[in-house]
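Structure record follows, encoded as C-alpha cells.
Each reported figure results from applying straightforward, stated rules to the coordinates on display, with no laboratory input. Here the structure is a predicted model, which is why all the values come from computation and not from measurement. A quick note on method: Cβ atoms are made from the backbone with ideal geometry, for glycine too, and the neighbour counts reach across all protein chains shown.
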Amino acid sequence: MLFDTTDTITAISTAPGYSPRGIVRLSGDLTFSTLSKLWLDQQDRPLTQQAFDSLEYWQAHKGRLLIAPSISVTGTLTLFKAPASYTAQDMAELHLPGSARLLDMVLARLTSYENIRLAQAGEFTARAFLNGRIDLTEAEAVAEVIHAGGDAQLRAAENLLSGALHLKCQTYAARIAGVLARIEAGIDFSDQEDVSFIEIDQLRLEVSQLTCELQNLVNDSASWQDLHHLPRVVLIGLPNAGKSSLINALTGLDRSIVCAIAGTTRDVISAPVSLPLGECMLYDTPGIGSVADPLGQYSQQNALEVIKSADLLILLWEPADSTELPALLNIIQKYYQKNIISVASKKDIQPDTDIITLADRQHIPRPRTFISARTGENLDTLKQLICDHLHFGSDQSSSEAIALTRRQATALQASIDSLEHLNSILNQESDSNYYDEIIALHLREALDHIGTISGQIVSDEVLGLIFSQFCIGK
C-alpha cells in the first residue's frame, strides 16, 4: 500500500450505523478551496472566498453544507491549518446529521471535484506519520485505541499514544549509536597506535548493560494478546457460602440463582465486573463439599478445574461454616496456590462475630474484609482488594507501563539477538580491524532494528500492513 500525500482525501470518520452525528474529514491542499464553494452561512448565503478565508481555525462554525443545487444540510465546520493539524496538512471536519445516506451523498459531492478522492484505511494517520506529526509507535497506538476492548487495553494504547515507547527506544538508540561511533572512530584511526576510543572492558560492560535493559523492557511489557483477556477472578467456597449472591451484587445482574437450599449452583457462571481501576471476569462456581449424587460431584470437579487458570481466587465463607474450611483449603491447594484472598460473608446476619479470632482458631486465612451481598456493606472494599491483588495499581499498569504489539516485540527481540551475538564475540580475544568491523556490524544491526519501531527505518510493505488495520476515516 503506497500513500500519495499530494492529493486531497476525504472519508466518513464515524462508525457505520445509526448515530445522531456523523463526521466527514478532509485533508490536503484543496480542502479549503473546495469547501468555500459548498459552505453557506447561517442565513443560507454562500460565502465569498474572502469571507471563507476569514473563518477562524480550530473553531466550530455553524452553517449549512450544499450537497446538491437545491439541497443543503445543517451542520458545523471546523478548519485546521497546516502544519498544526493532525495530518500536518490543511484539514477540515464536517459535523452533520448521522444519516448514512446523507453522509454518502456528501462524499459523492466532495469527490466529484478533481483531485479529491476517498481515503484509504488509516490514510489520515499515515499522513500524520509521513509528515512527521507522530512516530510509528504513536500511529499504531491510534489503531489500538480504536480497537481497545477494555480498560487495560485502552490505558496501554494511551501510553503508546503519549510516546512512552518512542522515548525509551530513542534513548536506547542514542546509547547504541554512541558506542558505534566510538568503534567506527577506532576503525578510521586504526593506524594511530596510541589512540583508543573505547577500551574492551568498557565495551563489554556497555553492550551487556544494553542487552539486559532491552530484555527487561520486553519481559516487563505486556502483549496486546494478553490485555485482550480480562483477569479471571474465581469465587470458591462451601455450598451456600453466598457466592451467587455476591456475583449478582457485584455485577448488578441476576446471573446466578440465589436459594437457601445449599448446592443450587451446578454450572460455572461468569460475568464482567467493573472495578475502580479496570475490569475483571468474575466466575461463580458450585460449592465444594460432600455430595452424594454424581451430578454434584461432576459440578464440583468443574469448579476445581476452573480455579487452575484463575488470576485471583476469592475464598468466600460464612462464620457458621468455619469448621469445614480447613478441609476445603486442603482440596483447593492441590489445584491452586498463587493468589488467594479470604473474605467472610453474610455480615448482615452475623455482624458481631469476631471473625479474626474465628479464623485463627480454625487455622484458616484471616479474612481481608467482612461483606454483605444483601446490604452492599464493604463491597467497595472488596473491589479495591481485587484491584490491589490484580496489580491494577502497580507500576505495570501505571502511566509508564508499556504493551508491545507483535511487530514491536519482534523488532526489540531482533535488536537483543544482535547484541547477544556481539556479547559472545566480545568474549574472544582479538585486536584486528576486522574484529572491530564485525563489532560495528552487529551494533548497526541492533540500531536498525530499534529504528524500525519508531519508523526511522521501515519498508512500504510494513507501513501498508500497519495502516491497513485501521478504519477508513482514521
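Residue-wise, which Karplus ³J(HN,Hα) couplings in Hz belong to the range 241-246, taking 6.51 cos²θ - 1.76 cosθ + 1.60, θ = phi - 60°, and x for glycine or proline?
Computed from phi, the couplings for the range 241-246 are 7, x, 5, 5, 4, 5 Hz.
Please list the non-local residues whose amide H lies under 5 Å from the amide H of residue 7, H modeled 1.01 Å from N, same-chain partners needing a gap of 5 or more.
Those qualifying (amide H under 5 Å, at least 5 residues apart or on another chain) number zero.
Please compare each pair in 168/338; 243/308; 37/81; 346/383; 37/62 to a cut-off of 25 Å on the Cα-Cα distance and tell me which ones are over it.
Working: 168/338 32 Å; 243/308 18 Å; 37/81 18 Å; 346/383 17 Å; 37/62 16 Å.
Correct reply: 168/338.
Taking 0.36 nm per residue of sequence separation and subtracting the Cα-Cα distance, how much length would be gained by fully extending the chain between residue 349 and residue 377, in nm to one decimal?
Details: separation 28, 0.36 × 28 = 10.08 nm, distance 1.20 nm.
Separation in residues times 0.36 nm, less the Cα-Cα distance, equals 8.9 nm.
Could you list which residues have their amide H under 5 Å from that of residue 22, counting only those 5 or more apart in sequence or on another chain, with H placed in the peptide plane?
Sorted by chain and number, the residues that satisfy this are 96, 98.
Starting at the first residue of the range 335-341, write each ³J(HN,Hα) from the Karplus equation 6.51 cos²θ - 1.76 cosθ + 1.60 with θ = phi - 60°, in whole Hz, x for Gly and Pro.
Values per residue, Gly and Pro as x: 10, 8, 9, 8, 9, 10, 10 Hz.
What does the charge count near residue 89 come to, summing +1 for each Lys or Arg and -1 for each Asp or Glu among other residues with Cβ under 9 Å from its Cβ? Let's see the in-between values first.
Values: positive: 127; negative: 29, 90.
Here the count lands on -1.
What net charge is computed for the residues neighbouring residue 30, neighbours being all others with C-beta under 13 Å from the C-beta of residue 30, Lys and Arg scored +1, Asp and Glu -1?
Numbers: positive: 37, 117; negative: 7, 29, 90, 114.
With Lys, Arg at +1 and Asp, Glu at -1, the neighbours total -2.
Order 371-383, 435-447, 55-67 from most to least packed using the mean count of other Cβ atoms within 10 Å.
435-447, 371-383, 55-67
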